[in-house]
Structures are given as C-alpha cells and as structure tokens.
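The values are calculated or read from the model by the stated rules, or taken from the named source; none is laboratory data. Predicted model, so just to flag it, every value in this text is computed and none were measured. Cβ placement follows ideal geometry from the backbone for every residue including glycine, while neighbour counts extend to all protein chains displayed.
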Amino acid sequence: MTRENVLPWILSGSELGDHVLEIGAGPGAATQELRRLAQRVTSLEWSHAFAARLAARALDGSGSVLQADAAALPFAEKSFSSSIGILVLHHLRSTEQQERAFREIFRVLQPGGSFLGFEIQDGWLQRAVHFKSTFVPVSPATISGRLGSAGFSHASVDFRPGGFGFRAVRAG
C-alpha cells in the first residue's frame, strides 16, 4: 500500500534530489522505493528493533539506516535535499516533540529542499488502533501554520481516503 499508492501520490510533482532523509522508516515500507528514486537515502528510525531489522535487510547500497530521534537529528545543517515522513508524526509523544522535529527537519534540509509527508486524521478508529501505542494526531487544519512556524514556506495539504499528505519547502 505504501510503496504502490501512498508514496507515488505524495511524491507527485516533487523532486527528491540526491540525498533523502526518511523519517520514521519503521519496517521499511517506503525505503526500497525511495532508494530506487534517489541517489542516496538515510533512513532514520526511533525503534532500535525496527532500525536493526531494516539495516539487516538486503537493500541496495545507496543508503544507510540509523536509530535516532526525529526531534534531535544527529546531522549537520543543510545535509539533505529532501525529507519524507509517512505515518510517523502521530507517533511522537507530544505536540512539542512534533514541533522540535519540524525545526530539526528544517535545519537539516538544504535551501529549496522539500519536506513531504502523509498522516492519518484523528478519529475513534485511529485511536482504537493505537490503543497500546502513542497517538498524538496532527491536524490537517494547523499543519501548514506549524510548518511555517518552523521556518518552512509554501506549505500545502492534500486529502485522500485514509489520510492527508503535506509538503513544505525550506526557502532559499
């Protein structure tokens, strides 16, 4: 579903550039396709178990996997041409942690770089599915403003069944 439906929809009309930061890679649903589309992909995952399993998979050599926190990225400023996060923001433990992640992603993007993502909307079903895990929903009504507060420009939101996509740019 992620590789064949969500990812092409999110990436439509976007240039990834040569070095993509994948935030919240999880089990790697988008990783291989991102590595096919970009010269280099750095996949970041908070869970040590997920990161270790993804790193052990037989993926091509155009990327790396790192266990780290999206709210405290261990990279130099302006290291990446783009960043993508699919179904990850709602797993951050608070809106403050989401805000820190937005600022960190902005910091590590090169001027002109895009931050692209996909999130689910709040609802009883999503809360039930996340009963035993973190669920801090991101509102599509406020994400553009939140991204703007982190420094991004040209933020936009698009809807499709199951969730919403967003994109924003680190202006030059």
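Within the range 1-32, how many residues are in a helix (DSSP H, G or I) and either within 19 Å of Phe166 (Cβ to Cβ) or touching a Ser or Thr at 6+ places or on another chain (Cβ under 7 Å) (or both)? First the steps, then the outcome.
Pass one, the range 1-32, residues in a helix (DSSP H, G or I): 2-11, 31-32.
Next, from what is left, pick out any that are either within 19 Å of Phe166 (Cβ to Cβ) or touching a Ser or Thr at 6+ places or on another chain (Cβ under 7 Å) (or both): 2, 5-11, 31.
So the count comes out to 9.
Would the range 82-94 turn up any residue that is out of contact with any Phe, Trp or Tyr (no Cβ under 7 Å at 6 or more places or on another chain), in a loop (DSSP other than H, G, I, E, B) and buried (at least 17 other Cβ atoms within 10 Å of the Cβ)?
First, the residues of the range 82-94 that are out of contact with any Phe, Trp or Tyr (no Cβ under 7 Å at 6 or more places or on another chain): 82, 84-85, 88-89, 91-94.
From the residues that got through so far, the ones that are in a loop (DSSP other than H, G, I, E, B) too are 88, 92-94.
Filter once more, keeping what is buried (at least 17 other Cβ atoms within 10 Å of the Cβ): 88, 92.
Yes, because at least one residue in the range 82-94 is out of contact with any Phe, Trp or Tyr (no Cβ under 7 Å at 6 or more places or on another chain), in a loop (DSSP other than H, G, I, E, B) and buried (at least 17 other Cβ atoms within 10 Å of the Cβ).
Condition first: in contact with a Pro (Cβ under 7 Å, 6 or more places away or on another chain) and either more than 14 Å from Val20 (Cβ to Cβ) or modelled with pLDDT under 95 (or both). Can you find one or more residues in the range 64-76 that meet it?
Looking through the range 64-76, at least one residue is in contact with a Pro (Cβ under 7 Å, 6 or more places away or on another chain) and either more than 14 Å from Val20 (Cβ to Cβ) or modelled with pLDDT under 95 (or both).
Mind counting the residues in the range 109-136 that are without any contact (Cβ under 8 Å) to a residue 60 or more places away in the chain, under 15 Å from Ala171 (Cβ atoms) and either aliphatic (A, V, I, L, M) or in a helix (DSSP H, G or I) (or both)? Reasoning before the result, please.
Filtering the range 109-136 for residues without any contact (Cβ under 8 Å) to a residue 60 or more places away in the chain gives 115, 119-136.
Now narrow it down to the ones that are under 15 Å from Ala171 (Cβ atoms): 115.
Going one step further and asking which of them are either aliphatic (A, V, I, L, M) or in a helix (DSSP H, G or I) (or both), we end up with none.
The number of residues fulfilling the criteria is 0.
Among the listed residues Glu45, Glu15, Glu77, Glu33, which satisfies the condition of being closer than 13 Å to Ile105 by Cα and not hydrophobic (A, V, I, L, M, F, W, C)?
Values: Glu45 fails: closer than 13 Å to Ile105 by Cα; Glu15 fails: closer than 13 Å to Ile105 by Cα; Glu33 fails: closer than 13 Å to Ile105 by Cα.
Answer to the check: Glu77.
Identify all residues within the range 20-32 that are surrounded by fewer than 20 Cβ atoms within 10 Å (Cβ to Cβ) and either at pLDDT 90 or above or out of contact with any Asp or Glu (no Cβ under 9 Å at 6 or more places or on another chain) (or both); write none if there are none. I'd like the intermediate steps shown before the answer.
The first filter runs over the range 20-32 and keeps only residues surrounded by fewer than 20 Cβ atoms within 10 Å (Cβ to Cβ), leaving 27, 29, 32.
Once the filter is applied, which keeps residues that are surrounded by fewer than 20 Cβ atoms within 10 Å (Cβ to Cβ) and either at pLDDT 90 or above or out of contact with any Asp or Glu (no Cβ under 9 Å at 6 or more places or on another chain) (or both), the range 20-32 yields Pro27, Ala29.
Let me spell it out: the conditions are (1) farther than 20 Å from Ala171 by Cα; (2) out of contact with any Pro (no Cβ under 8 Å at 6 or more places or on another chain); (3) of a type in the set (D, E, K, R), and Arg103 meets all of them except one. Which number is the exception?
Failing condition for Arg103: (1).
In this structure, does Phe106 turn out to be in contact (Cβ under 8 Å) with a residue 60 or more places away in the chain and part of a helix (DSSP H, G or I)? So that I can check it myself, show each step before the final result.
On the way: in contact (Cβ under 8 Å) with a residue 60 or more places away in the chain: yes; part of a helix (DSSP H, G or I): yes.
Yes.
Taking the range 142-170 as the search range and keeping residues that are closer than 19 Å to Arg100 by Cα and aliphatic (A, V, I, L, M), which one is surrounded by the fewest Cβ atoms within 10 Å (Cβ to Cβ)?
Here is the first cut: in the range 142-170, the residues closer than 19 Å to Arg100 by Cα are 142-153, 155, 166-170.
Still in the running and aliphatic (A, V, I, L, M): 143, 147, 150, 155, 168-169.
Numbers: Ile143: 21, Leu147: 25, Ala150: 21, Ala155: 17, Ala168: 28, Val169: 21.
Filtering the range 142-170 for residues that are closer than 19 Å to Arg100 by Cα and aliphatic (A, V, I, L, M), the one surrounded by the fewest Cβ atoms within 10 Å (Cβ to Cβ) comes out as Ala155.
Can you tell me which residue among Ala55, Ala101 is modelled with pLDDT under 95 and not in a loop (DSSP other than H, G, I, E, B)?
Numbers: Ala101 fails: modelled with pLDDT under 95.
Selected residue: Ala55, the only one of Ala55, Ala101 that is modelled with pLDDT under 95 and not in a loop (DSSP other than H, G, I, E, B).
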